[in-house]
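Quick notes on the structure that follows.
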Amino acid sequence: MTQIPLLVSRSLSNFLDGLIVAIPRLLSGLVFLALAYLTVRVALAVVRGSIERVYVGDRELVGDLIVTLVSVFLWFGVALTFLKVVGMGDIAASLGTAVGFIALGVSYALSEMIEDTVAGVYLLRDPDFNPGYRVETKGVTGTVAAIELRKTRIDTDAGDRVVVANREIEPRWTYDTSAPADEGAGDQSGVDTANT
């Protein structure tokens, strides 16, 4: 019976010793999180301001994608560093490695979606491929109605709206020169230019 109070006393003592060691690490971690939060917010504001000057109007979607990717990388770095600050460096290293393998698997599984998105960024940045331009691609001839990150919508003369994956458009498309001058893209009508 006398062993129970001794066991409780020893457990309480070990708990308090562990708490005394953990409190400075937790305080350091909280200070780090506060500073990291401010730093990430300022960095994202600078990135967003820079991106908004480059990607305006219809191309804001590309800017939003870039800001989101930068944000994910920054916050992931903050999380790993926080674990290191509070004394969980081994967990941070394991987590970083595991996330790398998961990202590799996800990128392989979503390779066509990533290819569409990359092609969409190129199409959105291309000054020769805009909504209102008449183009021919993948056997479809019509007016570009909308360019999105993964798909482009083309209105045909028959009144149909055809949705084509950007990875299929970006490698090869041409201006439709059979359109009357007022239907084309201003000075681009009558010019047969291929995107290479």
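Which residue, of D187, D192, is out of contact with any Ser or Thr (no Cβ under 6 Å at 6 or more places or on another chain) and at pLDDT below 80?
The unique qualifying residue is D187.
Does G77 qualify as being small (G, A, S) and touching an Asp or Glu at 6+ places or on another chain (Cβ under 9 Å)?
No, not satisfied.
Based on what the data block shows, is D182 surrounded by fewer than 16 Cβ atoms within 10 Å (Cβ to Cβ), of a type outside the set (G, A, S), more than 28 Å from L65 (Cα to Cα) and at pLDDT 80 or above?
For D182, the condition - surrounded by fewer than 16 Cβ atoms within 10 Å (Cβ to Cβ), of a type outside the set (G, A, S), more than 28 Å from L65 (Cα to Cα) and at pLDDT 80 or above - is not met.
Has the range 99-114 got at least one residue that is modelled with pLDDT of 80 or more, under 30 Å from V21 (Cα atoms) and in contact with a Phe, Trp or Tyr (Cβ under 9 Å, 6 or more places away or on another chain)?
yes
When you check L95 against the structure, is it surrounded by 15 or more Cβ atoms within 10 Å (Cβ to Cβ), of a type in the set (A, V, I, L, M, F, W, C) and outside the structural domain of L38 (by TED's automatic domain parsing), yes or no?
Yes: the conditions hold for L95.
With exposed (fewer than 10 other Cβ atoms within 10 Å of the Cβ) and not assigned by TED's automatic domain parsing to the domain that holds A146 as the only criterion, which of Y108, Y55 stands out?
Y108
Hey, any hits in the range 39-56 for a residue that's aliphatic (A, V, I, L, M), without any contact (Cβ under 8 Å) to a residue 12 or more places away in the chain and more than 30 Å from I147 (Cα to Cα)?
Yes.
The values are calculated or read from the model by the stated rules, or taken from the named source; none is laboratory data. Everything quoted here is computed from the prediction, not taken from an experiment. Glycine also receives a Cβ, built like all others from the backbone with ideal geometry; neighbour counts cover every protein chain displayed.
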